[in-house]
Amino acid sequence: MAQELTDEELLAAYQQGDPGAFEALLRRHRAPLFTFLLRMLGDRQRAEDLAQETFLRIVKGAPAWERRARFQTWLYTVARNLCIDQSRRDRFRRADSLDAEGPDGQPSMVDSVPGREIDPERAAASARIRPLLQQALLGLPPEQREVFVLREQAGVPFREIAEMVGVNENTVKSRMRYALEGLRKALAAAGVSEEAASDEPVVDVRLGRA
Amino acid sequence: MTHTESQDLLLDLAYGELDATRAAEVESHLSGCAECRQEKAVLDEARRMAAPLRELEQPSPAFDEPILRAARAQAQLEHDGNVGQVIEVTGTVRAMGLDAARVDAHGPVKARPIERLRPRWVVRAAVGGSVAAAAALALVVSNTLETRRNAEKAAAAVRTGEFEIRVQPAAPQTLDSALRDAEGKRAKDQAEERDRAAKPVAPEKSSEKVAQLPMRRPAQHDAASGGNLRGSGGDAVVSVRKKAALQAKEGAADAIRPRPPPTPSSGEQVAATSGPAPSTPSSPPQVAAVSRAEPSRASVEPPAAAAVRPRRDSSPVPVSKAESQPAQAAGPAPGASGAEAKAQEARHSSNYLLAASLYRDAAAMRSRDGDPGAAAWDLAHAVECLSAVARFDEAKEVRDELARLYPSETTALAAARRALRAVDPPVAPAEH
């Protein structure tokens with residue numbers, strides 16, 4: 001029943017004292033939000049911490065929420081702000097060692113980066129090239145990375161991204177072009193071909209209606 | 001659609017943000033534009049390469065639990081004000097974004113002790129005491145300041161030459177009797193005039209008119225100068241600065257002084273020119289000649305008390321001296337008053353020796369005219385002037401002369417003694 005309601009209707013129901021409505025919102029957005037933060041930060045634990053804090057802030061601010069504001073925009077704005085704060089704190093930290101083992105037992109970054117000799121079989125598996133993509137993504141400027149992740153992964157339209165980031169829509173699109181071009185060049189330099197990276201067709205990803 | 005518009009919409013087309021119509025227009029342009037088609041291909045390639053990043057990652061299984069607890073607690077709080085199940089927080093509460101005060105809403109409430117009110121009379125007594133203390137303090141401060149101000153004023157008066165004249169107020173009875181006496185004297189003079197009516201003295205009337213003028217003016221002048229009088233009990237204390245006194249004296253002298261037919265107005269000029277004047281056959285020429293020929297103290301006999309003698313101490317000395325000339329003194333008065341006016345001018349121009357000499361001359365004339373009060377005051381002024389230039393020996397002689405000749409003029413004598421108190425302190429009472 002609650003799955004059929006929009007985000008805003010669920011939040012309104014939660015404002016009326018229905019905890020189940022918020023549970024539905026959480027289940028709808030937990031993975032996309034966590035993925036967004038993971039792409040932005042490149043660290044699962046910090047991404048999970050920030051995702052939890054984002055939802056707790058939504059809980060705290062829910063009584064003051066007004067229905068004319070879109071829930072998804074609010075959610076990702078909070079997450080983005082937390083992400084920026086976290087990035088500022090991390091700016092002065094020592095960079096993660098490339099020799100460190102990846103999360104969940106994944107191979108280290110050094111092991112993931114292919115040499116000059118390209119192994120087509122290895123590049124073909126998207127799961128295996130994901131660390132490369134993540135590394136290339138983290139190499140983008142933050143303003144390009146956030147636009148790319150918000151649009152490509154979170155499915156936020158350019159117009160809403162412009163509202164969240166505080167720039168006009170053309171600027172958002174320009175950043176998006178630069179981000180795509182940068183990723184393409186980085187992956188090509190890493191030996192990742194288009195055919196190896198894409199084992200499925202390019203689709204438009206939209207969140208909130210999963 | 002132009003090429004530029006198509007370029008702008010390529011991203012929207014790639015991400016499916018164009019409506020069907022708009023998307024068809026862009027596709028139509030792409031079919032005929034190789035550059036746009038190439039750019040669209042690059043975008044699609046980049047997206048396909050980044051496709052693995054779109055795969056969703058799942059957080060840990062324990063991710064939802066604290067969020068759902070907080071959501072339930074918040075919903076309960078918003079619904080009925082009860083937080084419901086208390087969230088157990090092992091880490092920092094702030095990191096979870098929770099409000100610690102709300103979580104602890106069921107904590108024990110410490111009752112505030114009841115404040116004991118003070119009795120009302122205590123408050124009133126405190127207020128009254130404060131007011132009384134403030135009033136007492138203000139009184140003490142005011143008295144202290146007043147005392148200090150008086151002391152400073154006295155010191156300044158000594159320094160700057162400001163003088164203070166303490167005179168006895170004129171008793172109303174005395175004034176009345178003086179006026180009655182004056183009227184009687186006037187009637188007597190008129191009777192004598194009638195007796196001498198056979199003698200043709202034409203100018204007598206004009207001189208009488210001039211002489212009568214001062215009889216009416218004292219009251220006016222007293223009223224006019226009343227602003228300078230400060231009464232306190234039986235004494236009237238008059239503080240007159242030199243300048244103000246000079247103006248008052250000169251004004252009074254000008255108003256009262258008989259105007260001689262020729263221009264000179266000072267005593268000396270009157271004395272010098274009055275001798276050969278045929279039109280004024282009255283006595284002033286002889287008086288002036290005598291007064292200039294011999295000093296005032298040479299052969300002055302104690303005069304008899306004047307029938308009419310306005311009290312000099314009923315008004316500031318300089319004014320009353322000039323205004324209190326009796327009517328019958330119209331003859332010699334110009335000489336005496338002229339000498340006094342000249343003495344005053346000399347005194348105010350700090351020529352004290354000349355002033356003392358003129359005052360003594362005036363005293364001699366006043367004594368001869370039968371005005372011991374005025375004579376006594378002239379001598380007192382001479383004492384003051386001599387004291388001012390440290391001629392204390394001469395001043396003492398004049399004071400002694402004053403005491404000897406006019407022992408009843410206590411006020412003038414007191415003024416003379418006051419002028420000499422610095423070098424002649426009062427006699428201390430005998431010790432037992």
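Quick notes on this structure:
- B:A126/B:R149 FRET efficiency (R0 35 Å; Cβ-Cβ; nearest 0.05): 0.55
- For region B:3-49, averaging the sequence separation of C-alpha pairs within contact (under 8 Å, six or more residues apart) and dividing by the residue count gives a relative contact order of 45 percent.
Quick note: the coordinates plus some simple rules give every number you see, no bench work behind them. As the structure is a computational prediction, the values presented were derived from the model and not from experiment. Cβ: placed from backbone, ideal geometry, glycine included. Neighbour counts: every protein chain shown.
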